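First up is the structure itself, then whatever we jot down about it.
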Amino acid sequence: MAILQVQNLEKHFDKTKVLQDISFNLEAGQALAIIGSSGSGKTTLLRCLNFLEKPSSGRIYIKEDCIFDADDPTTQREADVRRKRLHFGMVFQSFNLFPQYTALQNVTLAKELLAKEYPDYKQNKKRILEDIREEGRKLLADIGLAAREDHYPHQLSGGQQQRVAIARALALHPDILCFDEPTSALDPELTGEVLRVIRGLAEQKTTMIIVTHEMAFARDVADQVIFMDGGLIVEQGPARQVIEDPKEERTRQFLSRYAEG
């Protein structure tokens, strides 16, 4: 069963069509890489999935439950947006960590705020918060930052900050973890440490969507690849097939330019 179904999704800014008739499925445990030139619509697609942008048309299903239908106002209530965002953990290009909080506090903050809505929060506040912080410590340990839990963002390298951002996204147990070019803000020597974490998540069968310019990484780690151009899905299929033997001329041209660069 597909964990995510996107059907005929479009996004228009005035008369500009940034996304056009986007349709794809993602199975649980799969990693999907989205590639394409700057301005092809990759980031806008992630923002629509995470409801940072409202799609102009189309439908989004999670586990066969329709969470957005442009023709159904009952699926577009602002009051429901926060709950729907919990399906998607988002890791941005920039790390977006709170500078006044430690690595551990950045990881646990969202979950601690949500915990205040638990029916038993007042009676069991101490235990609930300690459980959340213990889970946060485990997440940091899993990405090799156990010794940095009390460090502030300015005391961490860019690669370490992005790993904290990954742990923060994982803390809410999303159905799908989304990455928007997670290494683009990093120096080349720090890129590898973030890609190793994502590779490890793929090996653990974490369901992921990865917007990336790392072609070799997409080929070796992703199960499926989508190539976008001009707001359209030009080609999609198994990762090695799309990157090593693309069927569409626009895909071949893009990969050729990328190889030359």
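Structural remarks
- Residues in region 68-78 carry Karplus couplings, in order, of 8, 9, 4, 9, 10, x, 5, 8, 10, 5, 4 Hz; the curve used is 6.51 cos²θ - 1.76 cosθ + 1.60 with θ = phi - 60°, and Gly or Pro positions show x.
- Phi-based couplings in Hz for region 10-22 (Karplus 6.51, -1.76, 1.60; Gly and Pro marked x): 9, 9, 10, 10, 6, 9, 8, 8, 7, 10, 9, 6, 7
- Normalised alpha carbon radius of gyration of region 36-95 [divisor 2.2 N^0.38 Å]: 1.18
- On the chain, 47 percent of the accessible area sits on carbon and sulfur atoms, based on a 1.4 Å probe.
- Cβ charges +1 (Lys, Arg) and -1 (Asp, Glu), total dipole of region 77-146, debye: 200
- Calculated log₁₀ intensity ratio I(q)/I(0) where the Debye formula runs over C-alpha points of region 1-63, q = 0.17, 0.18 Å⁻¹: -0.57, -0.64
- For region 81-222, the spread of Cα positions along the three principal axes, ordered from largest to smallest, is 51, 32, 25 Å.
- Near Lys17, no amide H atom lies under 5 Å from its own; only residues 5 or more places off or on other chains count, and H is placed 1.01 Å from N.
- Taking all protein chains into account, the per residue accessible area for region 78-165 stands at 58 Å² (1.4 Å probe).
- In a DSSP loop and with at most 16 other Cβ atoms within 10 Å, the GluC sites (Glu not before Pro) in region 1-109 are Glu64.
- The largest-to-smallest principal axis extents of the Cα set in region 139-222 are 35, 29, 17 Å.
- HN-Hα J in Hz across region 81-89 - Karplus 6.51, -1.76, 1.60, θ = phi - 60°, x for Gly and Pro: 4, 4, 5, 5, 5, 5, 5, 10, x
- Selected from Gly58, Gly29, Ile128, residue furthest toward positive end of dipole (the chain; charges at beta carbon): Ile128
- By the helix-only formula, in which each DSSP H run with n ≥ 4 contributes -39500 (n - 2.57) and the sum is divided by residues, the chain has a 222 nm mean residue ellipticity of -11500 deg cm²/dmol.
- Largest-first ellipsoid semi-axes for the chain, taking √(5λ) over the Cα gyration tensor eigenvalues, angstrom: 31, 24, 15
- Across the options Gly231, Met90, Gln5, the greatest Cα extent toward the positive end of the charge dipole of the chain (unit charges at beta carbon of Lys, Arg, Asp, Glu) belongs to Met90.
The values are calculated or read from the model by the stated rules, or taken from the named source; none is laboratory data. These numbers come from a predicted model, not from an experiment. Note that each Cβ is placed from the backbone with ideal geometry, even for glycine, and that neighbours are counted across all protein chains shown. What goes into the accessible areas is simple: the full protein's heavy atoms, side chains included, and nothing from ligands, DNA or RNA. Shrake-Rupley method; radii C 1.70, N 1.55, O 1.52, S 1.80 Å.
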